[in-house]
1. In the set Gly51, Gly78, which member is within 25 Å of Ile30 (Cα to Cα), modelled with pLDDT under 95, out of contact with any strand residue (DSSP E or B) (no Cβ under 8 Å at 6 or more places or on another chain) and not basic (Lys, Arg)?
2. Tally the residues that are under 18 Å from Thr21 (Cβ atoms) and buried (at least 16 other Cβ atoms within 10 Å of the Cβ), restricting the search to the stretch 62-80.
3. Among the residues of the stretch 67-94, which ones are of a type in the set (Gly, Ala, Ser) and over 17 Å from Tyr13 (Cα atoms)?
4. Looking at (1) within 16 Å of the chain's Cα centre (by Cα); (2) more than 27 Å from Ala128 (Cα to Cα); (3) not aliphatic (A, V, I, L, M), find the lone condition where Gly86 falls short.
5. Would you be able to tell me the number of residues in the stretch 52-91 that are among the charged types (D, E, K, R) and in contact with a Ser or Thr (Cβ under 6 Å, 6 or more places away or on another chain)?
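The values are calculated or read from the model by the stated rules, or taken from the named source; none is laboratory data. Note that this is a predicted model, so its numbers are computed, not measured. So basically every Cβ, Gly included, is an ideal-geometry build from the backbone, and we count neighbours across all protein chains shown.
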Amino acid sequence: MITQAGLKELLNYNPETGDFTWRVSTANCIKVGSLAGSKDSYGYHKIAIKGKTYKAHRLAWLYTHGEFPKDVIDHINGVRDDNRIGNLRAVTAKENQRNQKKFVHNTSGVTGVHWHKTKKRWLARIFAEGRRIHLGSFVDLGLAIEARKEADKLHNFHPNHGRGI
């Protein structure tokens with residue numbers, strides 16, 4: 001496991017852009033000053049250091065705070081390769097799930113609000129404390145969205161930056 005000191009010997013981190021660049025060449029294919037790492041199939045930026053692969057957002061946390069977070073790092077705006085330190089927060093896995101993106105098949109464009117074909121109404125719901133909570137069914141999409149926004153506030157969900165609300 002890499003330490004903050006070891007990380008700072010090998011890489012520079014720009015907190016404004018979230019980019020890591022190499023301070024030293026550790027292999028023939030690595031040039032000093034070049035961007036470190038690449039994207040994985042899930043859209044996260046990863047960096048290999050001494051045979052171990054790390055997610056760049058976890059390295060950004062270590063670089064800035066001197067230790068890895070206890071649980072997980074949340075990308076506040078939902079962009080998995082946006083590793084600016086201001087876009088990262090240490091949370092529990094449960095808290096991280098509250099900040100999920102909309103599902104691909106979402107019909108309303110808003111997390112937790114969908115069209116019910118049979119009832120011909122908008123349904124609003126939220127997953128909180130391990131259970132699904134029905135917030136109501138609405139003829140008007142705007143009312144369903146408002147119900148979801150209020151539920152987000154009650155359950156201390158992080159604002160859905162760019163997530164449809």
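1. Gly51
2. Matching residues across the stretch 62-80 total 2.
3. Gly78, Ala90, Ala93
4. The number of the failed condition is (2).
5. 1
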